[in-house]
Amino acid sequence: MGFFGRIRESLARTKQQIVDRFDDIVRRADEPERRSRPVDVDTVDALEELLISADIGVAATDRIIGAVRKRAPNGEGLRELVKHELLDIFAAVDKPVQVATPPRITLIVGVNGTGKTTTVGKLANLLKNEGKQPLICAADTFRAAAVEQLEIWAKRADVDMVRAREGADPAAVVFDAITSAKAKGRDPVLVDTAGRLHTRVNLMNELDKIRRIASREVPGAPQEVLLVLDSTVGQNGLAQAREFTNVAGVNGIVLTKLDGTAKGGVAVAIANDLKLPIRYVGVGEGIEDLVVFDAKEYVDGLFEEKW
C-alpha cells in the first residue's frame, strides 16, 4: 500500500457507514426520468442527512447542499461536485509553515488521552525518515510517566531528547532543548507540553511562558503549534479546538485514531469551521502509523465507490 493510501485504509469504518447510502443517492439522481430535471427534494434531503451523519458538520454540509441546489448535477456529477467542494474546503486553509530562522520549534498541545505524547514520538520518527534531525523536548514535567513514555518513543525513533527532573520549570526545559538543538544542529525541536484543559489558568499561563521563551531564543518561534485531537470524539472536539486556538495560537491539527472511528468526516468540519489545516493523521498504534494528511486521498477515501 502506498504511503498516502493508508489514509484511505484508515477511513474504512467511516466509508462503511456512508458509501452505500451515497451510491444509492447517486443512482437515484441518475435515473433517466430524473436526469433532465433539477435535483429533487428527496435527493437533497438524503444527501444532507448523509453528510451530517458522517460528522462533516452543519456549516460544511450547508455549503455543499447550496452548491448542489445551484448546479443541479446528475448522479455522477453529484459525486464529483461533493468531492470538489470538500477539496476546496481543505485547499482554503492549506498554508505552509514559514521558518525564517532555524531551528523550527513545534509545540504539541492538547488534553490528556488524545494521543499527544505518542504523536510526538511518531512525528519524530516520520521527520527523521524524511531526512531531518529532530530533537524531542519533554516539557511535561508534571507527570513522570509522560516523560518515561516519551523517552521510550525517542529511543524507538532513535532521536535525541532533552528532559529535566520531575517538577522542573517547563519553560526552562524548552530553553535547554533549543540551546542543545542549536549546538548539535538538530531541527526541528518537538516540544511535548503538559496535557491541559483551557479552563486550567495556571497551565495556560505556563504555555504562554513557553511561547515567550521560544520566541526570545528563535525569532518567529514557535513557528508551529499543533493541537492533537481524538477523531473518535467527533464534533465534541471542535469546542476544545476553538479554545486552544484562542489561547495557544494553534495553526495546525493532528487528528489521531482515525482508524478507530466512523466519524472520520470531522476532518472536514475542522477545516471548514476552524479554518485550520490538518497536518497529520494517526492511522494506527505503531511508530510508523502517523502520516502526512493528503486531502485528495482523504476525499477519495470517503466517497469513492472503489479504491
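The values are calculated or read from the model by the stated rules, or taken from the named source; none is laboratory data. For clarity, every value in this text was computed on a predicted model and none was experimentally measured. In this analysis, Cβ positions are derived from the backbone assuming ideal geometry, glycine residues included, and neighbour counts consider all displayed protein chains.
A few points about this structure:
- For residue 276, the criteria (1) in contact with a strand residue (DSSP E or B) (Cβ under 8 Å, 6 or more places away or on another chain); (2) surrounded by 24 or more Cβ atoms within 10 Å (Cβ to Cβ); (3) at pLDDT 90 or above hold in every case but one, which is (2).
- Only listed residue being of a type in the set (Ser, Thr, Tyr) and in contact (Cβ under 8 Å) with a residue 24 or more places away in the chain, chosen from 114, 61: 114
- Scanning the range 279-293 for residues that are more than 11 Å from the chain's Cα centre (by Cα), charged (D, E, K, R) and either at pLDDT 90 or above or surrounded by 19 or more Cβ atoms within 10 Å (Cβ to Cβ) (or both) gives 288, 289.
- Count of the range 218-238 residues which are in contact with a strand residue (DSSP E or B) (Cβ under 8 Å, 6 or more places away or on another chain) and not polar (S, T, N, Q): 11
- Taken over the range 250-269, the residue count meeting the criterion of being surrounded by 24 or more Cβ atoms within 10 Å (Cβ to Cβ) and more than 20 Å from residue 47 (Cα to Cα) is 5.
- Matching residues in the range 146-171 - criterion: being without any contact (Cβ under 8 Å) to a residue 40 or more places away in the chain, of a type in the set (Gly, Ala, Ser) and in contact with a helix residue (DSSP H, G or I) (Cβ under 8 Å, 6 or more places away or on another chain): 154, 164
- Filtered residues of the range 201-221 (kept if assigned to a loop (DSSP other than H, G, I, E, B) and either among the acidic types (Asp, Glu) or surrounded by fewer than 24 Cβ atoms within 10 Å (Cβ to Cβ) (or both)): 218, 219, 220
- Scanning the range 242-269 for residues that are of a type in the set (A, V, I, L, M) and touching a Gly at 6+ places or on another chain (Cβ under 8 Å) yields 254, 255, 258, 266, 268, 269.
- Exactly one residue out of 78, 86 is buried (at least 20 other Cβ atoms within 10 Å of the Cβ) and under 18 Å from residue 277 (Cα atoms), and it is 86.
- Top-ranked residue in the range 191-202 [being more than 15 Å from residue 250 (Cβ to Cβ) and of a type in the set (A, V, I, L, M, F, W, C); ranked as modelled with the highest pLDDT]: 194
- Selection count, the range 157-190, where residues are modelled with pLDDT under 95 and buried (at least 21 other Cβ atoms within 10 Å of the Cβ): 2
- If only residues of the range 118-156 that are β-branched (Val, Ile, Thr) and over 19 Å from residue 176 (Cα atoms) are counted, the one that is surrounded by the most Cβ atoms within 10 Å (Cβ to Cβ) is 119.
- Exactly one residue among 271, 241 is more than 17 Å from residue 120 (Cβ to Cβ), at pLDDT 90 or above and aliphatic (A, V, I, L, M), and that residue is 271.
- Being within 17 Å of residue 109 (Cβ to Cβ), touching a residue at least 40 places away in the same chain (Cβ under 8 Å) and touching a Cys at 6+ places or on another chain (Cβ under 9 Å) is a condition met by at least one residue of the range 174-186.
- The listed residues are 228, 299, and the only one of them that is among the β-branched types (Val, Ile, Thr) and either over 22 Å from residue 47 (Cβ atoms) or part of a strand (DSSP E or B) (or both) turns out to be 228.
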